[in-house]
Amino acid sequence: MNFLDYAPAPESQAILNLRSDYGLFIDGEFVAGRGTPFQTINPATEKQIAMIANANAADVDAAVAAARRAYTGAWSRLSGSDRGKYLFRIARLVQERARELAVAESLDNGKPIKESRDVDVPLVAAWFFYYAGWADKLDHAGLGPNPASLGVAAQVIPWNFPLLMLAWKIAPALAAGNTVVLKPAETTSLTALLFAEILQQADLPPGVVNIITGAGDTGQALVNHPDVNKVAFTGSTAVGRAIARSVAGTDKKLTLELGGKAANIVFDDAPIDQAIEGVVNGIFFNQGHVCCAGSRLLVQESIHDEVIDRLKDRISTLRLGDPLDKNTDIGAINSADQLRRITELTAMGEQEGAERWSADCAIPENGFWFAPTIFTNVSTSHRIARDEIFGPVLSVLTFRTPAEAIAKANNTPYGLSAGIWSDKGSRILAVADKLRAGVIWANTFNRFDPASPFGGYKESGYGREGGRPGLAAYLKPAPYLKPA
Ligand code: TAP
């Protein structure tokens with residue numbers, strides 16, 4: 001059933017009441033941007049959803065100034081327990097508006113409603129609940145007594161988990177006593193603006209969180225702003241590098257969560273039914289638009305043929321189509337640009353000699369779509385084994401021994417995540433110990449919890465989000481002596 005086709009509940013006339021135009025959220029109010037507004041479209045239909053304000057450098061100044069006033073005014077002096085109350089209130093409002101947020105997220109991003117409803121939005125609430133609990137316990141953040149907040153945090157997030165990435169950034173920043181200016185991705189600003197309405201409902205003091213929308217130049221103006229104390233970025237390694245260069249030589253604290261090319265390693269003693277589900281979930285969840293996606297399957301040679309046959313059978317049952325249909329497994333690709341990138345990289349895979357198999361599914365006429373695809377006969381030198389495709393494309397490599405699996409898994413410039421499937425706990429621990437990846441799942445994949453730190457090695461970035469380390473990223477170690 002299509003979520004938008006539901007008969008409206010008696011108490012609410014519609015699940016989603018969107019405006020036709022959205023302003024910037026600065027100092028607790030929606031205001032017009034000074035740049036040229038842009039449209040946000042539904043990637044499943046290519047139709048406009050709303051017009052979004054565009055923040056220029058003067059708007060970025062205004063947002064940072066509002067965040068600074070809020071920081072020095074009320075927020076940095078508020079007790080931890082009072083900050084926590086605001087976070088609890090935000091979490092509860094997210095729960096109250098969960099259905100609406102899920103529909104908006106699927107409309108704007110293209111992800112299946114069952115994912116936005118059952119994964120994204122519940123995790124957003126969980127992140128705020130979790131960090132609400134920390135707000136009055138900063139002495140236990142591992143930095144000594146009375147660690148100090150940093151000041152104004154500039155946060156730039158990508159389009160793959162718009163609301164969830166916002167929660168990963170805003171919840172720890174506020175719990176630690178900072179104020180925020182956040183820029184969502186150009187193609188997925190909608191739910192950040194609905195979230196701004198939630199901040200108004202929660203009576204969060206004006207300026208504590210500011211949401212400025214725009215393209216990459218808005219993000220650049222924000223992270224380069226001299227009155228910003230902390231930069232937190234999630235997105236591509238190329239932009240992460242540019243940000244690291246621009247922050248170098250300043251006293252801004254920086255965390256980067258960048259790309260990945262995770263190995264999902266299946267040993268011949270793996271619980272095979274679960275492994276097949278885990279491999280499918282690992283790469284096709286959210287159309288593969290996941291930085292920690294299990295995009296490289298490393299399968300032990302002796303079970304290669306069986307695993308590939310079973311994978312193809314399972315993938316053939318996945319339903320691609322309307323993201324707002326509760327039965328949809330594979331939604332729309334987020335943008336024409338991303339579809340082009342996936343198409344180019346997969347064409348390269350064929351040119352380099354890998355064998356391509358795509359599910360035989362009907363592709364809707366309008367919108368951006370890519371059928372779930374597997375490449376076999378892939379070697380470590382192929383582009384499809386090296387580059388982050390960020391789409392529903394699995395590259396399959398084989399190995400004979402655990403040592404070979406480890407060597408191939410680590411043969412990547414990235415180091416964000418990995419999966420291990422085996423019946424032997426001792427093997428899982430021994431292999432995990434040698435994998436250079438920030439997050440390693442055993443006999444599962446793509447499991448997230450606010451208490452669990454997340455982040456990468458090598459070109460996947462630095463710093464951790466989630467858990468206590470995620471809080472420390474927004475604090476100065478004690479003792480902090482105020483400059484005279
Ligand atoms: P990015 O360009 O890195 O975009 C991420 C965020 O940074 C967006 O809000 C973007 O704004 C903003 N931005 C762009 N240029 C900036 C700059 N110079 N300074 C500050 N902020 C800037 O990612 P993308 O173009 O959306 O995707 C490209 C590739 O990156 C994907 O194919 C994928 O491989 C990878 N990617 C990785 C992740 C994760 S979670 N690791 C997430 C997204 C993408 P606009 O969106 O308005 O340009």
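The values are calculated or read from the model by the stated rules, or taken from the named source; none is laboratory data. Keep in mind that what you see is a predicted model, and the values were worked out from it rather than measured. Neighbour counts run over all protein chains shown; Cβ positions are idealised from the backbone, glycine included. Note: areas computed on protein heavy atoms with side chains; ligands, DNA, RNA excluded. Shrake-Rupley method; radii C 1.70, N 1.55, O 1.52, S 1.80 Å.
Brief remarks follow.
- For Val290, the stated conditions hold: it is within 29 Å of Ala405 (Cα to Cα) and under 22 Å from the mean Cα position of the chain (by Cα).
- Residue ID - surrounded by the most Cβ atoms within 10 Å (Cβ to Cβ), chosen from residues in the stretch 311-340 that are acidic (Asp, Glu) and more than 18 Å from Asn281 (Cβ to Cβ): Asp322
- Selection status of Leu182, within 16 Å of the ligand (Cβ to nearest atom) and either modelled with pLDDT under 95 or closer than 22 Å to Thr234 by Cβ (or both): yes
- Boolean, Ile90 is in a helix (DSSP H, G or I) and either touching a residue at least 24 places away in the same chain (Cβ under 8 Å) or buried (at least 24 other Cβ atoms within 10 Å of the Cβ) (or both): yes
- Test for Leu345: is it part of a loop (DSSP other than H, G, I, E, B), modelled with pLDDT of 95 or more and either outside the structural domain of Leu101 (by the TED database) or touching a strand residue (DSSP E or B) at 6+ places or on another chain (Cβ under 7 Å) (or both): no
- Checked against (1) within 16 Å of the ligand (Cβ to nearest atom); (2) not assigned by the TED database to the domain that holds Leu164; (3) not acidic (Asp, Glu), Thr250 passes all but condition (2).
- Residue satisfying all of: in the stretch 142-167; more than 16 Å from the ligand (Cβ to nearest atom) and not aliphatic (A, V, I, L, M); nearest to Arg69 (Cα to Cα) among these: Gly151
- Scanning the stretch 93-105 for residues that are open to solvent by 70 Å² or more (accessible area, probe 1.4 Å) and touching a residue at least 12 places away in the same chain (Cβ under 8 Å) yields a count of 2.
- Scanning the stretch 383-398 for residues being assigned to a loop (DSSP other than H, G, I, E, B) and under 17 Å from Ile308 (Cβ atoms) gives a total of 1.
- Matching option when the condition is modelled with pLDDT of 95 or more, out of contact with any strand residue (DSSP E or B) (no Cβ under 9 Å at 6 or more places or on another chain) and surrounded by 17 or more Cβ atoms within 10 Å (Cβ to Cβ), among Pro392, Pro450: Pro450
- Selected residue (criterion: surrounded by the most Cβ atoms within 10 Å (Cβ to Cβ)) from residues of the stretch 36-62 that are within 13 Å of Ile212 (Cα to Cα) and aliphatic (A, V, I, L, M): Ala55
- Residue-level analysis places Ile283 among those that are within 16 Å of the ligand (Cβ to nearest atom) and either open to solvent by 10 Å² or more (accessible area, probe 1.4 Å) or touching a residue at least 24 places away in the same chain (Cβ under 8 Å) (or both).
Results for (1) part of a loop (DSSP other than H, G, I, E, B); (2) of a type outside the set (Asp, Glu), shown as yes or no for each residue.
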| site | (1), (2) |
| --- | --- |
| Gly260 | yes, yes |
| Asp268 | yes, no |
| Gly278 | no, yes |
| Gln287 | no, yes |
| Arg310 | no, yes |
| Thr328 | yes, yes |
| Ala332 | yes, yes |
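- The listed residues are Lys434, Lys424, and the only one of them that is more than 23 Å from the chain's Cα centre (by Cα) and free of Cβ contacts under 8 Å to residues at least 40 places away in the same chain turns out to be Lys434.
Residue-by-condition table, conditions (1) open to solvent by 10 Å² or more (accessible area, probe 1.4 Å); (2) in the same structural domain as Ala154 (by the TED database); (3) within 16 Å of the ligand (Cβ to nearest atom); (4) closer than 25 Å to Ala437 by Cβ:
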position	(1), (2), (3), (4)
Ile198	no, yes, no, no
Asp227	yes, yes, no, no
Lys230	no, yes, yes, no
Leu254	yes, yes, yes, yes
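- Residues of the stretch 54-87 that turn out to be in contact (Cβ under 8 Å) with a residue 60 or more places away in the chain, out of contact with any Ser or Thr (no Cβ under 6 Å at 6 or more places or on another chain) and in a loop (DSSP other than H, G, I, E, B), as a count: 3
- Of the candidates Gln274, Gln220, the single residue that is over 17 Å from the mean Cα position of the chain (by Cα) and either open to solvent by less than 20 Å² (accessible area, probe 1.4 Å) or near the ligand (Cβ under 7 Å from one of its atoms) (or both) is Gln220.
- Ile243 fulfils the conditions (1) under 19 Å from the mean Cα position of the chain (by Cα); (2) aliphatic (A, V, I, L, M); (3) away from the ligand (no atom under 15 Å from the Cβ) except for a single criterion, (3).
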